[in-house]
Every structure is written in C-alpha cells, then in structure tokens.
1. Going through THR63, THR48, THR72 one at a time, which residue ends up being more than 12 Å from ALA129 (Cβ to Cβ) and touching a residue at least 40 places away in the same chain (Cβ under 8 Å)?
2. Are there any pairs, at least 6 apart or on different chains, whose C-beta atoms fall under 8 Å, with the first in the range 113-126 and in a loop (DSSP other than H, G, I, E, B) and the second of a type in the set (S, T, N, Q) and surrounded by 12 or more Cβ atoms within 10 Å (Cβ to Cβ), and if so, which?
3. I need the full set of residues from the range 60-81 which are hydroxyl-bearing (Ser, Thr, Tyr), within 17 Å of LEU101 (Cα to Cα) and in a helix (DSSP H, G or I), in order please.
4. Hey, any hits in the range 136-145 for a residue that's in a loop (DSSP other than H, G, I, E, B), among the β-branched types (Val, Ile, Thr) and at pLDDT below 95?
5. What number of residues in the range 16-59 are in contact with a Ser or Thr (Cβ under 9 Å, 6 or more places away or on another chain), crowded, with 20+ Cβ neighbours inside 10 Å and assigned to a helix (DSSP H, G or I)?
Amino acid sequence: MKGCWKKSVEETKSGAGQYFTPRPLINMMVRMIKPKIGERLNDPAAGTFGFMIAANQYLRAQTDDYFDLNVTQQKFQKYEAFSGMELVPNTYRLALMNEYLHGMDGHFVLGDSLSATGKWMKNFDVVLANPPFGTKKKAGSVLRVMI
C-alpha cells in the first residue's frame, strides 16, 4: 500500500510547493507543542490533515480515548477542536477521508487560507502547519510566497 500512496502523492503536483510532512516530524512537533483538551487547533495548509490527526491521537492517548472527558468535552473534541483548510482538491479529499477515519468532524474547508475564503480562520489556541514554500500559479491571483 505504501507504494500506491507514494505514487499517488508524486503524481499530484501543485504550484503551491506542496509536499507531505514526514510523520515523525509531525509527531515531534505535536509532542513539543503539547496541545490541551479544550484548545482550538488549526492547520491553514492542512494537506492530508496530518497535524490535526496527530494532535487528536496525542490527546486521545492522554484521556483514555476521550473516555475520561465529560460529554460536552467529548463533543468539543470531535466537532470543534480541530480545523483547517486545503488548497488542492485531490489532497482535500484524502484529508476528509483521514478526518472521518479518525473519528473527527471539525471545520475543514477546500480553499486558499490566504484569500477571503480563509477569513474565518482566527482566534485559535494552537496553529500547527508546514505551509507551502512555493508560489501559487493561478491566473488572476496574486503571486505569493509563504515563509
């Protein structure tokens, strides 16, 4: 299966400098940030939603798969704690599948987080991201480089 995934990723090239962050790096960043129950987390360049999934797993490991939480806290973790945006449609579909398979149902949108579509993205406790480092190539759009 790894071969199929790698091939699919390599075939999906975007002008946004897209690449997929290695899982060990994602896990290390989550462990360093130490998200907490009740915090609102976001990834404005979500890719396959890896940072949010890793944060969800980190928090589940600390709370007996959320069974230590009351019902209100459990609902918050499932529906409000994790959010993000992805620019590339095929990657967005993979991210939606990942979100679903990990029991998450947060606010996750297809679009450009640096455009008007991303205006809702504010007031988060934690932002975990590895943003694109290239340029966006789209007619009529502003050329940008994220650092």
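1. The match here is THR48.
2. That search, which allows pairs on different chains as well, returns MET121/ASN42; MET121/SER83; MET121/SER113; PHE124/ASN42; PHE124/SER83.
3. Listed by number, the list holds a single entry, TYR79.
4. Yes, the conditions are met somewhere in the range 136-145.
5. 3
The values are calculated or read from the model by the stated rules, or taken from the named source; none is laboratory data. This structure is a prediction, so every number in the text was calculated from the model and none was measured. Neighbour counts run over all protein chains shown; Cβ positions are idealised from the backbone, glycine included.
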